[in-house]
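The structure that follows is given in the form of structure tokens.
The values are calculated or read from the model by the stated rules, or taken from the named source; none is laboratory data. On a predicted model such as this, the values are computed, not experimentally measured, just so you know. Ideal geometry is used to build each Cβ from the backbone, glycine not excepted, and the neighbour counts take in all protein chains shown. What goes into the accessible areas is simple: the full protein's heavy atoms, side chains included, and nothing from ligands, DNA or RNA. Shrake-Rupley method; radii C 1.70, N 1.55, O 1.52, S 1.80 Å.
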Amino acid sequence: HEAPRRVKRAWVIPPISVSENHKRIPHLLVQIKSDKQQPGGVIYSIKGPGVDEEPLGIFSIDKFSGKVFLNAMLDREENDRYRLRAFALDLGGATLEDPTDLEIIVVDQNDNRPLFRQDVFTGRVVEGAEPGTCVMTVDATDADDPDTDNAALRYSILEQGAAAMFSINATTGEICTARPGLDRETMGVYNLTVQAADMSGDGLTTTAMAVIYLEDINDNPPEFTKEEFSMEVEEQAVGVDVGKVFVHDKDLAGSPSWLAKFTILEGDPEGAFAIRTDPHTNDGVLSVVKPLDHEVRDRFELTVSVQNERPLEPSAPASPRALATVRVRVRDVNEAPVFRENPRRISVLEGTPPGTAITTYTASDPDTHQIQTLSYALLYDPADWLQLDPHAGTVRTKRELLHPSAFLQGGWYIALLLARDDAEPPLSATGTLSIEILEVNDHAPQLQPPAGVLCGRPGRGGTLLLGATDDDRPPHGAPFHFQLSPQHPQLARNWSIARFNVTHAVLAVLAELPEGPYSLPLLLRDSGTPPREQRQLLNVSVCHCGRDGTCVDGALAAATAGAGITLGALMIILGSTILLLVLVALGAARVRGRRRALRKGLLQRSGDDMRDNILNYDEQGGGEEDQDAYDINQLRHPELFSPRTKTPLRRDAPLSSGTPMAPRKLPSSPSDIEDFINEGLEAADSDPSVPPYDTALIYDYEGSGSVASPLSSIVSSLTDEDQDYDYLSEWGPRFRRLADLYG
């Protein structure tokens with residue numbers, strides 16, 4: 001390897017310093033020279049940033065003399081130094097010297113002002129903060145060389161008002177409180193003008209704004225705007241606002257330190273008033289929560305206090321609680337009448353005669369300071385049992401109040417009364433009158449049933465269970481007391497009555513009695529107050545006793561049980577039976593007469609005129625096998641088929657309808673059934689055109705005056721060859737088809 005050659009001292013160029021913003025252009029920076037001089041001279045050149053690289057044209061060199069010139073103003077903040085390469089060549093372009101470095105250093109000048117990071121700085125501090133409480137920090141920057149005084153910044157407050165409540169650290173820019181006495185209510189916002197200067201405060205400067213907000217604390221209690229407030233409200237008003245009491249608080253509106261809380265201390269022992277805070281205005285709203293009565297008390301004087309929701313800060317000055325007097329006048333208005341006893345409950349005996357005064361139900365008018373008259377009316381009286389005095393309020397019975405009734409609910413009758421004053425406008429009130437209808441023992445017990453059958457032998461079947469009913473409700477009904485009539489002491493020799501339960505007793509035979517009817521007078525008594533008793537007749541039929549103590553012939557005993565019925569009742573029953581038989585006989589005779597007349601008229605109506613229509617018949621029998629066409633009930637119960645009743649239709653059955661019904665059995669009664677059947681058979685036997693049924697069939701009437709012959713004339717004893725069908729063409733278009741077939 002070739003040993004390194006020593007570079008001559010003339011070719012080594014030390015760093016060159018040049019100040020930025022140099023205005024004398026071009027400016028000679030340095031002259032380079034090579035020791036290797038040639039006869040034709042040396043050619044010099046430089047390369048690097050500012051020459052042939054961006055930024056171009058800042059530096060240049062005289063190629064023959066080697067002088068390096070500055071051709072443009074430099075800015076250290078853009079480029080603080082330039083590193084170039086210098087070359088020395090002969091005229092042929094051969095290198096005479098190795099390239100050497102040429103470093104140009106840009107010397108800083110204080111050409112940049114400090115800049116705050118923002119135009120406005122904001123901070124917050126609570127009012128009353130102690131001195132030295134730091135609020136915020138402002139900071140600025142300087143583009144000059146930070147290693148020189150050109151970038152050495154100092155901060156200061158140029159303006160903050162006369163109080164000078166804040167100070168700033170000159171080096172760090174931190175703003176703190178300088179003295180006590182920050183009061184948001186006096187000044188809530190401080191605007192400070194701060195400055196930053198380089199050259200340690202002696203150079204270029206810039207300014208910014210620092211805005212400091214004081215945060216509120218509860219250092220001011222609320223106060224009433226005046227000591228007394230006057231209001232008025234109508235009596236009986238509930239849930240209405242009476243008025244407002246106004247307060248003032250210096251603390252921040254809407255904050256917890258500003259919100260007020262009101263309390264009624266005196267003047268409202270019944271708790272008729274309430275006071276709340278209006279969240280928007282912070283005023284107290286007084287309202288009525290219980291009805292007021294002008295006649296009882298027409299004025300109220302309330303003592304009201306106010307304080308904040310949040311307690312006062314300890315640093316706040318001590319002050320007494322704010323108090324105010326609120327005077328409320330109760331204004332008189334017309335009030336509705338009042339039924340002091342509502343509902344009114346009374347008791348009335350059932351059966352109370354009409355016109356009886358049962359109560360006086362009146363109302364009172366609360367308006368004692370006004371002269372008014374009350375009137376009364378019945379608002380609800382569903383059974384129309386009552387009548388009311390419109391002036392005195394006396395309630396009387398309009399009719400008897402009786403049990404039972406659909407208008408009673410558990411024995412109570414409910415009516416509504418209306419009381420109305422004569423004010424303008426009139427007011428009314430409704431009173432409820434509840435009337436308990438007391439049960440009265442006005443019904444004696446009734447023997448049920450009043451007759452019976454028993455065996456006439458003592459000890460074996462010789463007993464009969466007796467019962468009783470009573471229309472009265474408890475306690476005027478059971479238990480019932482049964483006994484033989486005291487007026488007939490001889491009955492006790494053969495008969496005895498013993499209690500079975502509260503509603504029944506047992507009648508027993510004491511001695512063997514002959515068969516037959518017996519009438520026993522009994523005395524029945526209930527348990528009412530006072531008790532009601534009634535003498536009643538018990539009809540007993542003594543039957544023949546079997547071995548087991550029962551009647552041998554039950555049907556006979558039952559038939560003879562009514563032997564004790566009175567003669568009048570027996571005559572009524574016999575008369576009714578005879579009348580019923582007469583009516584049945586007349587009805588049957590009328591039916592026979594109408595059927596004969598209808599049958600005779602139909603048989604004689606062969607000459608009716610022909611019409612251009614065909615009528616539908618009710619009955620068309622099924623021949624010999626038709627066994628179910630006629631309703632057999634007409635024979636068994638002819639009384640049900642009177643002439644007024646439409647004749648029942650036949651129940652025709654198809655020819656293939658299974659086995660015919662069994663032969664009919666003639667009932668044993670009534671006695672005219674035989675005549676009814678014989679007459680029907682005679683009519684059927686005498687008419688050859690009637691089918692073989694038990695009686696003549698009745699067809700619908702076809703009318704008179706017909707222009708057409710009966711259809712039955714088509715069917716005759718003549719054969720088809722002897723019958724002339726030419727007349728069919730004269731019957732009209734409906735028979736034209738038949739005329740074509742047979743004519």
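Using modelled amide H (1.01 Å from N, peptide plane; none on Pro or chain starts), what sits under 5 Å from the amide H of THR137, excluding residues fewer than 5 places away?
Long-range HN contacts for THR137: ILE175.
Distance from the Cα centre of the stretch 245-264 to that of the stretch 339-397, in angstrom?
When both Cα centres are located, 57 Å separates them.
Which FRET efficiency value, to the nearest 0.05, do you get for ASP726 and ALA589 by plugging their Cβ-Cβ distance into 1/(1 + (r/R0)^6) with R0 = 41 Å? Before the final figure, lay out each step's value.
Working: r = 50 Å, r/R0 = 1.22.
Working from the Cβ atoms, E equals 0.25.
Suppose the chain between GLN409 and LEU523 were pulled fully straight at 0.36 nm per residue; how much longer would it get relative to their current alpha carbon spacing?
Details: separation 114, 0.36 × 114 = 41.04 nm, distance 3.45 nm.
The span from GLN409 to LEU523 would gain 37.6 nm if fully extended.
Take the alpha carbon atoms of the stretch 101-154, find their center, do the same for the stretch 404-433, and report the distance between the two centers in whole angstrom.
When both Cα centres are located, 94 Å separates them.
Here's a follow-up. If Lys and Arg each add +1 and Asp and Glu each add -1, what is the summed charge of the other residues whose beta carbon sits under 15 Å from the beta carbon of GLN387?
Numbers: positive: ARG396, LYS398, ARG399; negative: ASP381, ASP384, ASP389, GLU400.
Its environment carries a net charge of -1.
Mind jotting down a quarter of the surface of the convex hull over the alpha carbons of the stretch 399-530, in square nanometres, one decimal?
Details: hull surface 47.1 nm².
Over all viewing directions, the stretch 399-530 projects a mean Cα-hull area of 11.8 nm².
Follow-up question, since we're still on this one. What is the local net charge at ASP471, summed over the other residues whose Cβ is closer than 11 Å to its Cβ (Lys, Arg +1; Asp, Glu -1)? Don't jump to the answer; show the numbers that get you there.
Numbers: positive: ARG473, ARG532; negative: GLU439, ASP442, ASP470, ASP472, ASP526.
Net local charge, ASP471 excluded: -3.
So, one more: Mean separation of Cα pairs under 8 Å and 6+ residues apart, divided by the residue count of the stretch 65-173: what relative contact order is that in percent?
Numbers: 116 pairs, mean separation 21.5, N = 109.
The normalised contact order for the stretch 65-173 reaches 20 percent.
For the stretch 230-244, take each phi angle, set θ = phi - 60°, evaluate the Karplus expression 6.51 cos²θ - 1.76 cosθ + 1.60, and give the result in whole Hz per residue in order, putting x for glycine and proline.
The phi angles translate into 10, 8, 8, 8, 6, 5, 6, 7, 10, x, 10, 7, 8, x, 10 Hz.
Further question: Report, to the nearest whole %, how much of the accessible area of the stretch 223-331 belongs to carbon and sulfur atoms, 1.4 Å probe, protein only. Don't jump to the answer; show the numbers that get you there.
Values: 3090 of 6130 Å².
With neighbouring chains kept in place, the figure for the stretch 223-331 is 50 percent.
So for the pair ASP149, GLN490, with labels modelled 7 Å out along Cα→Cβ, what separation do we get in nm?
16.7 nm
Report the gain in length on full extension from ARG737 to ALA94: 0.36 nm times residue separation, minus Cα-Cα distance, nm rounded to one decimal. Intermediate results must be reported in sequence, preceding the final value.
Details: separation 643, 0.36 × 643 = 231.48 nm, distance 14.97 nm.
Full extension from ARG737 to ALA94 adds 216.5 nm.
Any idea what the relative contact order of the stretch 16-107 is, in percent, if you count C-alpha pairs under 8 Å spaced at least 6 apart? Walk me through the intermediate numbers first.
Details: 192 pairs, mean separation 33.1, N = 92.
Relative contact order here is 36 percent.
Counting only protein heavy atoms and a 1.4 Å probe, tell me what percentage of the stretch 16-107's accessible area is made up of carbon and sulfur.
Numbers: 2470 of 5040 Å².
It is 49 percent, rounded to a whole number.
Give me the accessible area per residue for the stretch 115-215, probe 1.4 Å, as a whole number in Å². Could the numbers behind the result be given before it?
Details: 5040 Å² over 101 residues.
With all protein chains present, the stretch 115-215 gives 50 Å² per residue.
Further question on the same structure: For THR394 and SER230, calculate 0.36 nm times their separation in residues minus their Cα-Cα distance, and state this gained length in nm to one decimal.
Values: separation 164, 0.36 × 164 = 59.04 nm, distance 4.68 nm.
So the chain would gain 54.4 nm between THR394 and SER230.
7 Å from Cα along Cα→Cβ at both VAL240 and ALA170: what's the point-to-point distance in nm?
About 7.5 nm separates the two model spin labels.
Given H placed 1.01 Å from N in the peptide plane, which residues other than close sequence neighbours of THR122 have an amide H under 5 Å from its amide H?
Residues meeting the criterion, in which the H sits 1.01 Å from N, are VAL211.
Where the only charges are on Cβ atoms (+1 Lys, Arg; -1 Asp, Glu), what is the dipole of the stretch 446-543 about its Cα centre, to the nearest 20 debye? Spell out each step's value before the answer.
Working: 8 positive and 7 negative charges, 44 e Å.
In debye, rounded to 20, the stretch 446-543 gives about 220.
So what are the three principal axis dimensions of the stretch 452-491 from its Cα atoms, in whole Å, longest to shortest?
39, 24, 14
Quantify, in whole percent, the carbon and sulfur part of the accessible surface of the stretch 403-550 (1.4 Å probe; protein heavy atoms only). List each step's numbers first, then the result.
Numbers: 4100 of 7560 Å².
Ligands and nucleic acids excluded, carbon and sulfur reach 54 percent.
Next question, about the same structure. Relative contact order (percent) for the stretch 115-215, with alpha-carbon contacts under 8 angstrom and 6 or more residues of separation? Before the final figure, lay out the partial values.
Values: 241 pairs, mean separation 38.4, N = 101.
Relative contact order here is 38 percent.
Over the stretch 446-543, give the accessible area per residue in Å² for a 1.4 Å probe, as an integer. Before the final figure, lay out each step's value.
Values: 5050 Å² over 98 residues.
Accessible area per residue, the stretch 446-543: 51 Å².
Note down the net charge around GLU228, summing +1 for each Lys or Arg and -1 for each Asp or Glu among other residues with Cβ under 13 Å from its Cβ.
Numbers: positive: LYS226, ARG327; negative: GLU227, GLU301.
Every neighbour counted, the sum reads 0.
Ok, one more. Which value in nm describes the separation of the simple spin-label points at SER19 and ARG329, placed 7 Å from the Cα toward the beta carbon?
Each label point lies 7 Å from its Cα, and together they span 9.4 nm.
Could you state the accessible area per residue of the stretch 344-438 in Å², with a 1.4 Å probe and every protein chain left in place? It would help to have the intermediate numbers written out before the result.
Details: 4860 Å² over 95 residues.
On a per-residue basis, the stretch 344-438 sits at 51 Å².
Using a Förster distance of 30 Å, how high is the FRET efficiency between THR359 and LYS290, based on the Cβ-Cβ distance and rounded to 0.05? Walk me through the numbers on the way to the answer.
Values: r = 32 Å, r/R0 = 1.08.
For THR359 and LYS290, the calculated efficiency is 0.40.
Turning to a different aspect of this structure: Mark the label point 7 Å from the Cα of ILE105 along Cα→Cβ and return the residues of the stretch 46-89 whose backbone N is within less than 15 Å of it.
Correct set: 76, 80-84.
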